[in-house]
Amino acid sequence: MLQIDLQRIILVYVMEGIFVIYFSLIAFQILRRKRQRLNIVLSAFFISISIANILNMIYAIISEKTTVLILNFLTNFLLCFGPVFIFMVNMIILESTLIFSVKRQNRFILIYGIIAFIGMLIIFVFFDGVNFDRGYPAWKPIFFWYVVIISTSFAVLPFFYTALKIYFSFETKTLKKKWSYYFLGSLGAISIGYMAFINNLLNNPTFRLILSIYGISIIIWGYLMYYGIGFKLKP
């Protein structure tokens, strides 16, 4: 039990602490550079993931079941919600700010958020999607698969598709190289997200340790994302 508790401490307060500090700094740097629409949407990804990890760090030291479950639900939702913003970044670059209007952007974000939130809430409340047997939340398969399917279908796969279209639309090697950095960084960040989902399902000490170690790589992935589009992209 001590080993499991130690691993949870490493995962929650070391790895996720790094997430929060690093992603917050990246969001700040992006917004400080220029508060144009592309930067605001990109920073929303880092902010969403940061808030999710902060909530997780808060409820990790709380024992009251109802409070823990509420904060856990909000954490899960924000982790699922975050990737939609990097897909929106792609759409802004691919179609330009004139064609891909703010109205279309916000409508998609809102629809995705509603589908994710209501679906997760229904499973959470009516299908007992998260158990509390060991004193902390763990996902059941029905909750895991809903989160994976909804985030993959509405955010991750569309991100991959549009990212490849953007890459092949660039005519210079410099732009392609820069975009490759951003794409690789996004893949790395997304892989950590999926590993976190699996960890919530398995609730396994060994996998939790693997996630704790691999999660430190977010320093690399976050930097690649920031460096990759640290300029105005024009195909």
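The values are calculated or read from the model by the stated rules, or taken from the named source; none is laboratory data. All values derive from a computational prediction rather than experimental measurement. Glycine also receives a Cβ, built like all others from the backbone with ideal geometry; neighbour counts cover every protein chain displayed.
Of note:
- With respect to being crowded, with 21+ Cβ neighbours inside 10 Å, without any contact (Cβ under 8 Å) to a residue 40 or more places away in the chain and within 22 Å of A196 (Cβ to Cβ), G129 fits the description.
Yes/no per residue for (1) within 30 Å of D128 (Cα to Cα); (2) of a type in the set (A, V, I, L, M, F, W, C):
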{"position": "I142", "(1), (2)": "yes, yes"}
{"position": "I149", "(1), (2)": "yes, yes"}
{"position": "Y161", "(1), (2)": "no, no"}
{"position": "F168", "(1), (2)": "no, yes"}
{"position": "E171", "(1), (2)": "no, no"}
{"position": "Y181", "(1), (2)": "no, no"}
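- Selected residue (criterion: surrounded by the most Cβ atoms within 10 Å (Cβ to Cβ)) from residues of region 78-101 that are over 18 Å from L187 (Cα atoms) and among the polar types (S, T, N, Q): T97
- Some residue of region 177-192 being in contact (Cβ under 8 Å) with a residue 24 or more places away in the chain, at negative phi, surrounded by fewer than 19 Cβ atoms within 10 Å (Cβ to Cβ) and not in a helix (DSSP H, G or I): no
- Taking (1) at pLDDT 95 or above; (2) surrounded by 12 or more Cβ atoms within 10 Å (Cβ to Cβ); (3) more than 13 Å from F77 (Cβ to Cβ) in turn, I149 satisfies each apart from (2).
- Selection of helices (runs of 4 or more DSSP H) fully inside region 58-136 by the criterion of at least 2 residues being farther than 30 Å from I229 by Cα and modelled with pLDDT of 90 or more returns 65-81, 102-126.
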